[in-house]
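The values are calculated or read from the model by the stated rules, or taken from the named source; none is laboratory data. From a predicted model like this one, the values you see are computed outputs, not experimental measurements. Glycine also receives a Cβ, built like all others from the backbone with ideal geometry; neighbour counts cover every protein chain displayed.
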Amino acid sequence: MARNKSFVNVSNFENLWDGFGNAGGLRHFRFTGSAIYRLPLYRGGNRAAKQVLNGWQASTLMDMSTGPAISVNLGGFDLEGDGTSVFRLPGTRPNTFGRGQNAADIRRLVDEYNAKYPAPANALLAQIPRGNRDSLGSAFPYVVLPPNFSNADSFLTHDLRLTRLIRIRDKLPVMIIAEGFNLFNIANLTGYSGTLDRVTRPTAAGRQPANPAFNFGQPTGRVNPIFGTGGPRAFQVAARLTF
């Protein structure tokens, strides 16, 4: 159970503590377990059974963790006129989505933001008044959320190795190895964006705003997409000769 607070960035020169919060990439809960089981030796008199049943060993690695929290941003806007362009969703702090705030909180805060900062979604860009712009004159975006979104995916994997020791001669052992990674083929998604999506405002009076292609809170990749622990289910076999 991890906790790490740090100074994340400068987002307001009038209040430097505004940039203090949860460290990025931190997984709050994590468990790693490893086990090795050596099958009992067959001590009977059947030589064939002894050759087949002896020398087996199974080992497993289990890794489980919650997804990291992320910051929810609106983009490069200078709200206070102090030269900083870090504008987090009002009501959030660094990396609090997924660590203290959930999707319902983000929906509520986006509704509050849309009611206070930007002009209506169907307002023409050129006609947006000064009160709906930042200190540099950039119009605040009208935010739209995807139907489903998340701060991150949990990480779950279960790897298994089966080995068999065969002695060609007393001083020439061969170990046959079979391994499986992420046996339950859990997705372990990555690449979640913390930047909120905005509507595309109309270019002429009477037209309607258009929703964007959603990126906020959407996965864009997988852990180890080629091969390895946590990636797509994969198997490999090997042999090791010791001499």
- Please find, among F181, F149, F140, the residue that is surrounded by 16 or more Cβ atoms within 10 Å (Cβ to Cβ), touching a residue at least 40 places away in the same chain (Cβ under 8 Å), under 30 Å from Q51 (Cβ atoms) and of a type outside the set (D, E). F181
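Using the structure shown, decide if L196 is at negative phi, among the aliphatic types (A, V, I, L, M) and not assigned by TED's automatic domain parsing to the domain that holds A139.
On the way: at negative phi: yes; among the aliphatic types (A, V, I, L, M): yes; not assigned by TED's automatic domain parsing to the domain that holds A139: no.
For L196, the condition - at negative phi, among the aliphatic types (A, V, I, L, M) and not assigned by TED's automatic domain parsing to the domain that holds A139 - is not met.
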- Selected residue [farther than 30 Å from L41 by Cα, loosely packed, with under 11 Cβ neighbours inside 10 Å and touching a residue at least 24 places away in the same chain (Cβ under 8 Å)] from A239, A213, A205: A205
- Message: From the list L79, L89, exactly one residue is in contact with a helix residue (DSSP H, G or I) (Cβ under 9 Å, 6 or more places away or on another chain) and surrounded by 18 or more Cβ atoms within 10 Å (Cβ to Cβ). Which is it?
- Response: L89
- Message: Whether any residue in the range 44-64 is surrounded by fewer than 17 Cβ atoms within 10 Å (Cβ to Cβ), part of a loop (DSSP other than H, G, I, E, B) and in the same structural domain as A205 (by TED's automatic domain parsing) is what I want to check.
- Response: no
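Might you check whether a residue that is at pLDDT 95 or above, closer than 30 Å to L196 by Cβ and assigned to a loop (DSSP other than H, G, I, E, B) occurs anywhere in the range 20-27?
no
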